[in-house]
Structure formats: C-alpha cells, structure tokens
Amino acid sequence: MTNTNIPVITIDGPGGAGKGTVSLRLATHLGWHTLDSGAMYRVLAIAAHRHKISLKNEIELATLATRLEVYFSPLPDLDTTQVILEGSDVSKELRTETCGATASQIATIPQVRQALLGRQRDFCQLPGLVAEGRDMGTVVFPDASLKFFLTASCEERAHRRYKQLINIGIDAKLSDLVVEITERDKRDSTRTIAPLIAAANALVIDTTGVSIEKVVAGVLKRVLSVISEQ
Ligand code: DC
C-alpha cells in the first residue's frame, strides 16, 4: 500500500508527450522526489540482455526485476535522469528506441509489473513525489493527490524524441521514430494489464503545438492552486 500521508502527483501519457521534463521541473520547483517508471522498464531490458535472459522467460525476468541493483539520480538541468546499473552508467543506452521497444514488451508481463510495483512505491518519500509513466495514476498511486495525463500528436512526439536523441548524441531517423512510437503506443494501450489510459480523475492536457515551458507553467499553476486550497 502507498503511504497516504505523503503527497503524490502522477503524470502519465505516451512516449514523447513531455512527461519526463514536466515531472523533473515540477519536482525541482516543489523540492520533491521524482520517479521515472519508464526508466525502470528500460533498465530491466538492458539488464536482461546483459544477463542473457530471454524475453520469454517471465519468471527469471521477474526475479531480475526484484534484485536489480540500480540507482536513479535526477538531473533537472539536463531534463533527464542518470541511471547506474550494476555500477555502470547506462543513461544514454537507456534512451534508444530499441531499448524503449524492449521495455514495452517486458512491460506486458504481469509478474514483472508486480515485481516492480513495490520498488516504485518505495519512491514515495517525504516531502512528496512526482511520478511519471503509464499507470502511475491508475495502478501504482491510485490515491494520488493530483493526476495529469499528457498527450500530443504522434508526429509531434516523434519530433520531440528525435531532438532529444540527437541532443544526447544518438543517431535517429524521424520516419522510423513515427513507426516505432505508433507500435509502442499500440502495445502499451492494448495490453491487458495496466494499459496506458488516463485515470478517471486525471486532468488531460494535449500538448500538441504547445511549448514545454507553457506546459510546465500550466501544470505548476494547477498544482499550486490545489496546494493553496488544502
Ligand atoms: O516512458 P518510457 O518511454 O521511458 O517507457 C518505456 C516503456 O516502459 C513504455 O513503452 C512502456 C513501459 N512502461 C510501462 O509499461 N509502465 C510505466 N509506468 C512506464 C513505462
């Protein structure tokens, strides 16, 4: 169970909708912790490859998810999270679309999701948590104080991903990204367990054509107004 005395804000949505940037900037402003749950699935994909575990071996993958030695350090100035897996920095490898696609496959396995659930909830620490992913507001933190669901057109999300990848020195092709993002959206939204869906009480924000600064400002305004009412 989650600790209901600790405030949690959830930010869910498909890849490239701006969740990562918004959650890091919001958490920095509030002085709260962050959880990049997608990075957990991504790091598990890398670890499975390293340990030569087949993606079909659901039990071994779940065991690996429970034991994984991984540390996350938010780097808000760079709009990203540094990830150290078993002593090595995998932050760059983690962001490739190949890694995202494998993470999306692994994320369909119920035992893996169950194994990661407790680890995700452990991030809920005082003074508060901003958690981003696909099922933060629906499954992991259903009692969150405030829930957002960010979305944007597929083309715009592919464009943003393209820029992010090029910025960190990863080669990418825009047309490939459109195809990969569409496939990943479909898999994440249609899986039977914890699919990508807005929580009934989430505020849905379409960020198509809106700058990230404006999105952050809008989310922050809403958060501060809710906090001031409490
Ligand atoms: O947010 P991301 O692109 O880093 O996520 C990578 C994959 O991980 C995503 O395609 C599906 C999976 N994921 C998930 O199933 N549940 C989450 N809460 C976060 C990510």
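The values are calculated or read from the model by the stated rules, or taken from the named source; none is laboratory data. What you see is a predicted model, and the numbers here were worked out from it, not measured in a lab. In this analysis, Cβ positions are derived from the backbone assuming ideal geometry, glycine residues included, and neighbour counts consider all displayed protein chains. Surface areas here come from the heavy atoms of the whole protein model, side chains and all, with no ligands, DNA or RNA. Shrake-Rupley method; radii C 1.70, N 1.55, O 1.52, S 1.80 Å.
A few remarks follow.
- Whenever a residue of segment 111-133 is over 18 Å from PHE72 (Cα atoms), its partners that are in a helix (DSSP H, G or I), lying with C-beta atoms within less than 6 angstrom and at least six residues away or across chains, give the pairs GLN111/GLU58; GLN111/ALA62; VAL112/LEU61; VAL112/ALA62; VAL112/ALA65; VAL112/ILE106.
- Residue match in segment 97-105 (condition: small (Gly, Ala, Ser), open to solvent by 30 Å² or more (accessible area, probe 1.4 Å) and within 14 Å of the ligand (Cβ to nearest atom)): yes
- Being open to solvent by 40 Å² or more (accessible area, probe 1.4 Å), more than 12 Å from the ligand (Cβ to nearest atom), outside any helix (DSSP H, G or I) and polar (S, T, N, Q) is a description that applies to GLN125.
- A single member of VAL204, VAL210, VAL216, VAL226 is touching a strand residue (DSSP E or B) at 6+ places or on another chain (Cβ under 7 Å), of a type in the set (A, V, I, L, M, F, W, C) and over 30 Å from PRO110 (Cβ atoms), and it is VAL226.
Yes or no, residue by residue, for (1) within 16 Å of the ligand (Cβ to nearest atom); (2) under 21 Å from GLY128 (Cβ atoms); (3) without any contact (Cβ under 8 Å) to a residue 12 or more places away in the chain; (4) open to solvent by 10 Å² or more (accessible area, probe 1.4 Å):
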residue	(1), (2), (3), (4)
LYS19	yes, yes, no, yes
LEU30	no, yes, no, yes
ALA39	yes, yes, no, no
ALA47	yes, no, no, no
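- For segment 80-94, the set of residues classified as surrounded by 16 or more Cβ atoms within 10 Å (Cβ to Cβ) and touching a residue at least 60 places away in the same chain (Cβ under 8 Å) consists of THR80, THR81, listed by residue number.
- Every residue from segment 141-197 that is among the polar types (S, T, N, Q), open to solvent by 60 Å² or more (accessible area, probe 1.4 Å) and assigned to a loop (DSSP other than H, G, I, E, B): SER145, THR192
- ASP188 within 14 Å of the ligand (Cβ to nearest atom) and among the acidic types (Asp, Glu): yes
Yes/no matrix, rows are residues, columns are (1) modelled with pLDDT under 95; (2) within 16 Å of the ligand (Cβ to nearest atom); (3) farther than 13 Å from ALA17 by Cβ:
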residue: ALA152; (1), (2), (3): no, yes, no
residue: ILE168; (1), (2), (3): yes, yes, yes
residue: ALA172; (1), (2), (3): yes, yes, yes
residue: ALA198; (1), (2), (3): no, yes, no
residue: ALA202; (1), (2), (3): no, yes, no
residue: ASP206; (1), (2), (3): no, no, no
